[in-house]
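A short write-up of the structure that comes next.
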Amino acid sequence: MTKRRKITIAVITVIVLLGVLRLIPNRSFDIDTKELLEYCQSKGLSDEYCILVDFSKPQGVDRFAIYSFTDNAVIAKSLCAQGRGRENNIFCRKFSNEIGSNYSSLGHYQIGRLRPMSHPFLWFFNDGYEVHGLDSTNSNAYERAILIHNGNACFETYPLPCIPASQGCFTVSTAMMKKIAEIKKSSNKPILLFAYK
């Protein structure tokens, strides 16, 4: 079997597997939202909305969500990339706060201002929201230039080919970026992002 044929079979297999994942019922975001609301209130963060990122969910399912404390419900969901690390492992399951690790970090974040991507060759992504780590597990987020930003077109058209891996940023759909802009505009307090597994 030629190398090209092997690669083609591997790509088709990945597409099929990711498509099957999409058919599996997407379990809810299992988190104590009452505790999160208390955290937000104690830190002066929004008590209307927060963002949940459940990294225990596999790639290929919606694991980034906007949660409304008022409605007690998830009001928007998206795919979310995970940091692939220095070894460029697109199925990476490790987490790190180390500068230069290219891994995602867990913990509480405060969402900051919208700003351009720091790498000039990433012009095809739009601006992203800064995130400021509030825990020891993510305290280097700002220095690492971790952002919430849009991914490629496949984040909208999944299950077409899409490898949701990043250098530690929360890469989401363009539709989700618009929804974040809406809730930030309507909220008079900073919004919490909580990443967990």
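Rule-based calculations on the coordinates, nothing more; no lab input. This structure is a prediction, so every number in the text was calculated from the model and none was measured.
Quick one: length gained pulling R5 to K94 fully straight, 0.36 nm per residue minus the C-alpha distance?
28.9 nm
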Check: Hey, which of these cross-link pairs are over 22 Å Cα-Cα: K77/K184; K6/K57; K34/K185?
Finding: K6/K57; K34/K185
